[in-house]
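Let me begin by presenting the structure, written as structure tokens, before commenting on it.
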Amino acid sequence: MSRPGHSIWQSLGVVFVTVGLTLAFVVWAVLVGPEIQRIIVRAVVVTLIIFLVILFLRYFSLLWFSYLGHAERNVLGIREIKELPSVSIIVPAYNEGRVLERALTSLMRLEYPEYEVLVVDDGSTDDTLEIASQWEGQRGAALFRVITKSNGGKASALNAGIAHSRHPLVMSMDADSYLEPRTLLKGARHFDDPAVGAVAGNVKVENRGSIVTRLQALEYIEGLNMPRRAQGFIAAVNIVPGPVGLFRREALEEVGGYDTDTYAEDADLTLKMMAAGWRVEYEDQAVAWSEAPESWRDLTQQRYRWTRGILQAIRKRKGLFLRPFPDFPLWISTIQLGFEAIVWPVMNVFAHLFFAIVALLFGAGELILYWMILLTLLDLVAALVTVSMEEESLGLVPMALIYRFVFILFLDVVKMFATMEELFRLDMGWGKLERAEAPS
């Protein structure tokens, strides 16, 4: 049983402590003499430089390896395989009646010789089961089947689908997503390499009618797919996303499928597979279009859950941080996952807070302004490069003007609260995102 009230009070405690420490620093800074204030300003300059160095190294290493991954996949190409293995597509669904029809229609239109679609109704209370049942039977190359079970969560539903599936490759797909027709063709070719256990697809935001969803569209391209493309270059993608992920059945059976003890079953399974020695690659042409949260409140709930789930997966396999060899790519990918989930949000939030205080107290506003302009230019360049690689709409690039200092800062604050609550092992209810009516 979740204790949301306890969780809220813990979050408020974090806010009060942060504000209290900030006010204490302000009072102390005002009371000290000019010499101490000059030392503080020098310390700020040094801190600013260190922060910028870390940020530039992070950005340009990701951009460089992302470009190498892009060149490897799209310039050199991947060897086509003669015989495509048959695929079982698992679609877990809980109260997805509004969007399920569109998802299944996209699966019927996949360009692939043989595959089955298993819709797992996870105890829905709406018309999900009724809609899924209307699709049962052979439709072109695909055989549609429906499995029903009592509500047990997404990981449980995926495991049920895997247990009932029949083919050597297994794809997981969210019911609120839909796939491009050539997604299976592009993803399955990676399994010609027997060491590949999974392939992460390319998730894009479908609904882009508001600022919050357009910012998410840019984030998926720049903040999620760019690192995934870079990790794909070394075959160590640390999260196979829920909307589109392909797995070798042998690998799934070896690691025991999905665990049900985290809020991020996709990250947990991916780390488990890599720890078992399987390679995890990325395919940018295996595209799933997914519905992003429409409001800041729903976005907060989603990212809060993601962060806690990733931290749970990391905690379960914390030994990976201490073993750089023999699998160095796995170690690098694990380090990056921990850095992005824990270290970077704290650095980013407190750097902004620290620099804002210094600008107000010591007249360093001009320096901070230059710093903000520089970071904004960096975001514009990164947005232009990644949007071009994805062949996406250039209309997303201007979103980079508010991407870092509004959107990313907001998300990092959410991640900090989620980290604190996970540290104290507080319970949290899943909640469910309200779906918009799917377009016809």
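The values are calculated or read from the model by the stated rules, or taken from the named source; none is laboratory data. Remember, it's a predicted structure, so these values are computed and weren't measured experimentally. Counting neighbours? That spans all protein chains shown, and the Cβs are built from the backbone with ideal geometry, glycine included.
For A359, indicate whether it is aliphatic (A, V, I, L, M) and crowded, with 19+ Cβ neighbours inside 10 Å.
no
Of the residues A264, A217, A276, A230, which single one is at pLDDT below 95 and within 21 Å of T183 (Cα to Cα)? Outline the logic, then answer.
Working: A264 fails: within 21 Å of T183 (Cα to Cα); A217 fails: at pLDDT below 95; A276 fails: within 21 Å of T183 (Cα to Cα).
That would be A230, the only listed residue that is at pLDDT below 95 and within 21 Å of T183 (Cα to Cα).
Tell me, please, whether a residue that is under 25 Å from L409 (Cβ atoms), crowded, with 22+ Cβ neighbours inside 10 Å, not acidic (D, E) and not assigned by TED's automatic domain parsing to the domain that holds L378 can be found in segment 271-287. First the steps, then the outcome.
Keep residues of segment 271-287 that are under 25 Å from L409 (Cβ atoms), which gives none.
Looking for residues that are under 25 Å from L409 (Cβ atoms), crowded, with 22+ Cβ neighbours inside 10 Å, not acidic (D, E) and not assigned by TED's automatic domain parsing to the domain that holds L378, one finds none in segment 271-287, hence no.
Please specify each residue of segment 334-367 satisfying the condition of being free of Cβ contacts under 8 Å to residues at least 24 places away in the same chain and among the hydrophobic types (A, V, I, L, M, F, W, C).
Those that are free of Cβ contacts under 8 Å to residues at least 24 places away in the same chain and among the hydrophobic types (A, V, I, L, M, F, W, C): I335, F339, V343, F350, A356, A359, L360.
So for segment 158-181 (the condition being touching an Asp or Glu at 6+ places or on another chain (Cβ under 8 Å), assigned by TED's automatic domain parsing to the domain that holds G245, at positive phi and part of a loop (DSSP other than H, G, I, E, B)), does at least one residue qualify?
Looking for residues that are touching an Asp or Glu at 6+ places or on another chain (Cβ under 8 Å), assigned by TED's automatic domain parsing to the domain that holds G245, at positive phi and part of a loop (DSSP other than H, G, I, E, B), one finds none in segment 158-181, hence no.
Given (1) on the phi > 0 side of the Ramachandran plot; (2) assigned to a helix (DSSP H, G or I), identify the lone condition not met by E391.
Every condition holds for E391 apart from (2).
Do you know which of the residues in segment 316-356 that are over 20 Å from the mean Cα position of the chain (by Cα) and part of a loop (DSSP other than H, G, I, E, B) is farthest from L367 (Cα to Cα)?
P326
Out of (1) over 24 Å from E253 (Cβ atoms); (2) part of a loop (DSSP other than H, G, I, E, B); (3) modelled with pLDDT under 95; (4) not hydrophobic (A, V, I, L, M, F, W, C), the odd one out for P194 is which?
Going through the list (1) over 24 Å from E253 (Cβ atoms); (2) part of a loop (DSSP other than H, G, I, E, B); (3) modelled with pLDDT under 95; (4) not hydrophobic (A, V, I, L, M, F, W, C), P194 breaks only (1).
Any residue at all in segment 280-294 that is under 17 Å from S333 (Cβ atoms), under 15 Å from the mean Cα position of the chain (by Cα) and hydrophobic (A, V, I, L, M, F, W, C)?
no
Would you confirm whether any residue within segment 147-170 is more than 23 Å from T260 (Cα to Cα), surrounded by 16 or more Cβ atoms within 10 Å (Cβ to Cβ) and of a type in the set (D, E, K, R)?
Among the residues of segment 147-170, not one is more than 23 Å from T260 (Cα to Cα), surrounded by 16 or more Cβ atoms within 10 Å (Cβ to Cβ) and of a type in the set (D, E, K, R), which makes the answer no.
Quick check on my filter: what residues within segment 413-440 are at pLDDT 90 or above and not hydrophobic (A, V, I, L, M, F, W, C)?
K415
For segment 288-315, give me each residue that is surrounded by fewer than 22 Cβ atoms within 10 Å (Cβ to Cβ) and part of a strand (DSSP E or B).
W289, S290, listed by residue number.
Within segment 53-97, can you find the residues that are within 24 Å of the chain's Cα centre (by Cα) and at pLDDT 90 or above? Explain how you work it out, then say what you get.
Here is the first cut: in segment 53-97, the ones within 24 Å of the chain's Cα centre (by Cα) are 54-74, 88-96.
Within segment 53-97, S88, I89, I90, V91, P92, A93, Y94, N95, E96 meet the criteria.
Just checking, how many residues over segment 387-412 are modelled with pLDDT under 90 and closer than 25 Å to G338 by Cβ?
So the answer is 2.
Which ones in segment 375-430 are surrounded by 15 or more Cβ atoms within 10 Å (Cβ to Cβ) and of a type in the set (S, T, N, Q)?
Of everything in segment 375-430, those that are surrounded by 15 or more Cβ atoms within 10 Å (Cβ to Cβ) and of a type in the set (S, T, N, Q) turn out to be T376, T386, T419.
Hey, any hits in segment 357-369 for a residue that's outside the structural domain of I234 (by TED's automatic domain parsing) and part of a loop (DSSP other than H, G, I, E, B)?
The answer is yes; a qualifying residue exists.
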